[in-house]
Amino acid sequence: MKKYIHILLTVLLIGSFTACNDFLDREPLSNLSPEGYFKNASQLQAYADKLYPSILPASSGTSNSYGVYSYDNGTDNQIGQTPPSHFSEGEWRVPQNSGDWSFSNLYHLNFFFANVQPKYGEDLNGSQNTIEGNLADIKHYIGEMHFLRALEYFNRYRKIGDYPIITEPLKDDMEILTEASKRSPRNEVARFILSELDKAAELMKDKDMVKTRVNRDVALLMKSRVALFEGTWLKYFKGTAFVPNGDGWPGKTKDYNANYQFPTGSIDGEIEWFLEQAMSASKEVADKYKNSLASNTGKIPQTKDELKTPNPYFEMFSKDNLSDVKEVLLWKQYVQGVNGHDLGLATNQGNFGIGVTRSYVQNFLMADGTPVYTHGSYADGDGYYMGDKEIKNVRENRDSRLSLFLKEPGQLYCIETTISIPTNAWKDEPVPQIISSSGQYLYVTGYALRKGGKWDSKYLVQNKDYSSFPIYRAAEALLNYMEASYEKTGSLDGNAREYWQILRCRALVDDNIDKTISATDMMKEAENDFGAYSAGKVLTDATLYNIRRERRSEFISEGLRYMDLCRWRAMDQLITKSYIPEGIHLWNTPMENWYVDKDGNSTLISDGSSKANVSSKDDSEYLRPLRKRAGVLGYNGFTWKMAHYLHPIRIDQFMITSPDGQSVANSPIYQNPYWPTEANQSAEK
């Protein structure tokens with residue numbers, strides 16, 4: 001049966017490639033009749049199985065197959081060897097025929113519903129169901145498809161904003177396809193996503209599946225994420241071209257959106273409604289799991305005896321099987337000898353050219369709940385904070401999420417040697433390879449993570465790591481409630497305070513939240529954290545900021561940072577003042593002495609020439625990875641354009657939907673704010 005489903009999906013995909021030059025994906029040209037499928041529960045499952053990898057984040061590994069949980073690459077948390085295009089002046093350009101304006105996955109999803117819904121019935125209870133099999137199974141698999149459709153829409157709309165809402169597999173008719181291309185206001189798309197997640201949660205409530213499949217709790221967690229995303233986006237972009245009816249909103253240029261009215265009557269009503277939805281969904285999940293989060297001993301093993309009592313929090317990102325980890329709501333399973341990845345090897349080495357920034361390291365609290373800057377200078381500290389002149393110092397007396405996951409020279413890796421240690425792996429952590437010529441070994445910032453690290457040499461073989469990935473964790477529900485409730489009311493209610501203290505205790509940080517808030521200096525925080533800003537201004541609310549800090553500390557490299565920064569409108573300040581990412585405190589510290597040859601001569605070249613391998617000490621005592629030599633991309637730091645909060649729409653879609661095939665202005669589609677309607681052009685502002 002899986003073979004037949006594979007054939008069906010392959011034909012669907014081929015059909016989508018030939019449809020009106022990739023526009024909205026046509027009906028499949030096939031003699032395979034859908035009436036011959038979707039007859040029983042196993043067929044529904046097989047169809048869903050084929051769509052999981054193309055829609056779920058991390059379902060087929062991390063963003064670049066080795067990861068180091070590298071989803072935060074290109075933010076103030078982590079950087080690579082070159083800056084991403086969204087932070088580089090003039091590098092992000094309008095595409096001709098690529099990008100996120102795509103409907104292939106949606107066509108496959110809508111094809112499913114068009115053929116299954118008549119057999120199941122319109123109501124969620126399946127009162128007219130004729131599909132064979134256990135009804136709870138049937139409902140669950142249909143629920144999975146509602147979840148996948150919601151997630152596909154979320155993946156598109158959070159990048160594109162206003163987006164067409166299409167729920168049927170459309171025929172290859174230009175009039176129909178052109179009409180369907182009309183963009184719905186972003187809040188309407190978010191409402192549709194929430195309705196899909198409500199259906200998913202209702203349909204999946206009667207079946208406890210293995211946690212490698214989505215379930216009701218995952219649907220509710222995603223609902224809280226989507227609602228929080230839209231509620232805060234509307235709040236921080238209110239009045240701008242990035243929200244319906246805002247000043248310059250391009251949707252107003254089209255008749256079908258010219259007289260748009262919010263469902264609640266106003267944008268303020270929409271903000272409140274979305275935040276309420278986020279609170280309700282997140283509370284259900286948070287209350288269910290708040291006492292079942294993975295415990296944290298604060299220790300990582302360094303001997304075989306210590307391996308016998310592993311740290312459950314650390315192991316949550318490293319185990320082969322996560323079925324017994326209650327906090328993990330959905331995880332990706334790998335099978336030895338069948339499929340694999342390189343996370344173990346990447347954490348063993350320099351994170352494959354992705355480095356943790358100095359600003360991220362400095363942002364973590366001390367174990368006593370106070371900010372680092374309350375304990376002397378960042379460089380020297382006061383004896384409780386030990387300063388940053390050696391990597392081991394920045395880990396001492398800190399939030400355990402930093403001390404657990406930040407690597408330190410001399411730490412052991414291969415405590416177990418099930419196989420001989422591969423020649424390209426290290427038994428223990430060397431000094432950071434900041435001048436390596438190999439991207440695989442290069443420590444871009446000098447700081448690197450061991451999140452997802454392994455203790456057995458068998459995981460360090462290229463493409464043979466078969467440990468698991470957590471995709472959704474219940475801890476997010478606690479954070480989503482904290483933020484949504486505070487954004488809505490401006491105060492910490494009992495639930496928010498309880499959830500926050502649970503997370504702080506798990507991180508082995510003093511749970512006196514008020515002490516942290518009163519010690520917070522927002523101008524100092526703004527030096528280290530884009531999240532200290534909204535709309536180009538430093539936050540004045542230290543409570544809200546510390547909620548954001550907690551989120552940053554908990555989810556390093558799990559893919560939430562960039563979307564959080566966008567919904568908070570946290571990059572405006574980069575329009576007028578660039579950000580230069582930094583790494584370790586290299587110059588005038590003991591770490592400078594790590595880089596000498598056998599004759600005692602420094603191997604560091606900082607003269608700005610073509611041979612330079614580090615930045616100049618005259619520039620900064622801290623390593624500045626993008627400033628080794630002038631003229632390279634990113635030398636002047638990260639910059640920003642307002643347009644970059646949304647992705648541009650590909651030009652071919654304007655042409656296809658224009659009556660004459662040439663005039664962009666006559667297309668029912670409108671370009672996102674400040675992006676031109678000419679291919680290969682950068683943002684206007």
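The values are calculated or read from the model by the stated rules, or taken from the named source; none is laboratory data. As the structure is a prediction and not an experimental result, all values here were calculated from the model. Virtual Cβ from ideal backbone geometry, glycine too; neighbours counted across all protein chains shown.
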- prompt: If only one of Leu412, Leu460, Leu442 is surrounded by fewer than 22 Cβ atoms within 10 Å (Cβ to Cβ) and either closer than 26 Å to Thr357 by Cα or among the charged types (D, E, K, R) (or both), which one is it?
  reply: Leu412
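In the range 456-486, how many are outside any strand (DSSP E or B) and in contact with a helix residue (DSSP H, G or I) (Cβ under 8 Å, 6 or more places away or on another chain)?
20
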Any chance Tyr260 is surrounded by 15 or more Cβ atoms within 10 Å (Cβ to Cβ) and under 28 Å from the mean Cα position of the chain (by Cα): no
query: Pro673: under 26 Å from the mean Cα position of the chain (by Cα), under 19 Å from Pro244 (Cβ atoms) and not assigned by TED's automatic domain parsing to the domain that holds Trp249, yes or no?
result: yes
task: Quick one: in the range 577-611, of everything that is closer than 23 Å to Tyr360 by Cβ and among the polar types (S, T, N, Q), which residue is surrounded by the most Cβ atoms within 10 Å (Cβ to Cβ)?
output: Thr589
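Collect the residues in the range 438-449 that are closer than 22 Å to Tyr622 by Cβ and assigned to a loop (DSSP other than H, G, I, E, B), keeping them in residue-number order.
Gly439, Tyr441, Leu442, Tyr443, Val444, Thr445, Gly446, Tyr447, Ala448
Let's see how each residue does on (1) closer than 17 Å to Phe555 by Cβ; (2) surrounded by fewer than 22 Cβ atoms within 10 Å (Cβ to Cβ); (3) at pLDDT below 95:
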position: Ile513; (1), (2), (3): no, yes, no
position: Ala519; (1), (2), (3): no, yes, no
position: Ala526; (1), (2), (3): no, yes, no
position: Asp529; (1), (2), (3): yes, no, no
position: Tyr533; (1), (2), (3): no, no, no
position: Val538; (1), (2), (3): no, yes, no
position: Ala542; (1), (2), (3): no, yes, no
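Regarding the range 223-245, can at least one residue be identified that is among the polar types (S, T, N, Q) and at positive phi? Break it down stepwise before answering.
Step one: of the range 223-245, the residues among the polar types (S, T, N, Q) are 224, 232, 240, 245.
Right, trim to at positive phi and you get 245.
There is at least one residue in the range 223-245 that is among the polar types (S, T, N, Q) and at positive phi.
Would you confirm, using the coordinates I've provided, whether Gly99 is in contact with a strand residue (DSSP E or B) (Cβ under 6 Å, 6 or more places away or on another chain), part of a loop (DSSP other than H, G, I, E, B) and at pLDDT below 95?
Working: in contact with a strand residue (DSSP E or B) (Cβ under 6 Å, 6 or more places away or on another chain): no; part of a loop (DSSP other than H, G, I, E, B): yes; at pLDDT below 95: yes.
For Gly99, the condition - in contact with a strand residue (DSSP E or B) (Cβ under 6 Å, 6 or more places away or on another chain), part of a loop (DSSP other than H, G, I, E, B) and at pLDDT below 95 - is not met.
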query: Which of (1) in contact (Cβ under 8 Å) with a residue 60 or more places away in the chain; (2) closer than 26 Å to Gly536 by Cβ is the odd one out, the single condition Asn680 does not satisfy?
result: (2)
query: Quick one: which of Asp123, Asp137 is over 28 Å from Asn257 (Cα atoms), more than 28 Å from the chain's Cα centre (by Cα), surrounded by fewer than 16 Cβ atoms within 10 Å (Cβ to Cβ) and of a type in the set (D, E, K, R)?
result: Asp123
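Scan the range 178-212 for residues that are in a helix (DSSP H, G or I) and farther than 21 Å from Asn257 by Cβ and jot them down. First the steps, then the outcome.
Taking the range 178-212 as the starting set, the residues that turn out to be in a helix (DSSP H, G or I) are 178-180, 186-203.
Glu196, Leu197, Asp198, Lys199, Ala200, Ala201, Glu202, Leu203 - these are the residues of the range 178-212 that are in a helix (DSSP H, G or I) and farther than 21 Å from Asn257 by Cβ.
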query: Of everything in the range 268-314 that's modelled with pLDDT under 95 and among the β-branched types (Val, Ile, Thr), which residue is farthest from Arg401 (Cα to Cα)?
result: Thr303
task: Being in contact (Cβ under 8 Å) with a residue 60 or more places away in the chain and over 31 Å from the mean Cα position of the chain (by Cα) is the filter; apply it to the range 409-421 and report the residue that is nearest to Gly350 (Cα to Cα).
output: Ile415
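Looking at Lys326, is it out of contact with any strand residue (DSSP E or B) (no Cβ under 7 Å at 6 or more places or on another chain) and among the basic types (Lys, Arg)?
Details: out of contact with any strand residue (DSSP E or B) (no Cβ under 7 Å at 6 or more places or on another chain): yes; among the basic types (Lys, Arg): yes.
Taking the combined requirement at face value, the residue satisfies it.
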In the range 128-174, the residues that are assigned to a loop (DSSP other than H, G, I, E, B) and polar (S, T, N, Q): Gln128, Asn129, Thr130, Asn134, Thr167
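Just give me the residues in the range 473-492 being basic (Lys, Arg) and free of Cβ contacts under 8 Å to residues at least 24 places away in the same chain, in sequence order. Break it down into steps so the answer makes sense when it comes.
First pass over the range 473-492, keeping only residues basic (Lys, Arg): 473, 488.
Answer for the range 473-492, where residues must be basic (Lys, Arg) and free of Cβ contacts under 8 Å to residues at least 24 places away in the same chain: there is none.
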field: Matching residues in the range 600-654 - criterion: being acidic (Asp, Glu), farther than 13 Å from Leu586 by Cβ and in contact (Cβ under 8 Å) with a residue 12 or more places away in the chain
entry: Asp652
statement: Screening Leu544, Leu478 for residues that are among the aliphatic types (A, V, I, L, M) and in contact with a Gly (Cβ under 9 Å, 6 or more places away or on another chain) leaves only Leu544
query: What number of residues in the range 410-448 are touching a strand residue (DSSP E or B) at 6+ places or on another chain (Cβ under 8 Å), more than 22 Å from Thr589 (Cβ to Cβ) and β-branched (Val, Ile, Thr)?
result: 3
- prompt: In the range 306-332, what residues are surrounded by 14 or more Cβ atoms within 10 Å (Cβ to Cβ), without any contact (Cβ under 8 Å) to a residue 40 or more places away in the chain and in a loop (DSSP other than H, G, I, E, B)?
  reply: Pro310
Residues located in the range 289-305, provided they are surrounded by 16 or more Cβ atoms within 10 Å (Cβ to Cβ) and not in a loop (DSSP other than H, G, I, E, B): Tyr289
query: What residue, among those in the range 213-269 that are assigned to a loop (DSSP other than H, G, I, E, B) and of a type in the set (A, V, I, L, M, F, W, C), is nearest to Lys332 (Cα to Cα)?
result: Val214
query: Among the residues of the range 166-180, is there at least one that is surrounded by fewer than 21 Cβ atoms within 10 Å (Cβ to Cβ) and hydroxyl-bearing (Ser, Thr, Tyr)?
result: yes
- request: Answer yes if at least one residue in the range 69-85 is hydroxyl-bearing (Ser, Thr, Tyr), at pLDDT below 90, assigned by TED's automatic domain parsing to the domain that holds Leu135 and out of contact with any Lys or Arg (no Cβ under 6 Å at 6 or more places or on another chain), and no otherwise.
  value: no
query: Given (1) within 20 Å of the chain's Cα centre (by Cα); (2) closer than 30 Å to Leu449 by Cβ, where does Trp101 come up short, assuming only one miss?
result: (2)
message: Quick check on Thr240: is it closer than 25 Å to Leu560 by Cβ and surrounded by fewer than 22 Cβ atoms within 10 Å (Cβ to Cβ)?
response: yes
query: Of the residues that make up the range 428-447, is at least one among the aliphatic types (A, V, I, L, M) and within 23 Å of the chain's Cα centre (by Cα)?
result: yes
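Being closer than 20 Å to Leu478 by Cβ, touching a residue at least 24 places away in the same chain (Cβ under 8 Å) and over 25 Å from the mean Cα position of the chain (by Cα) is the requirement here; does Asp521 meet it?
Here the answer is no, as Asp521 does not meet what is asked.
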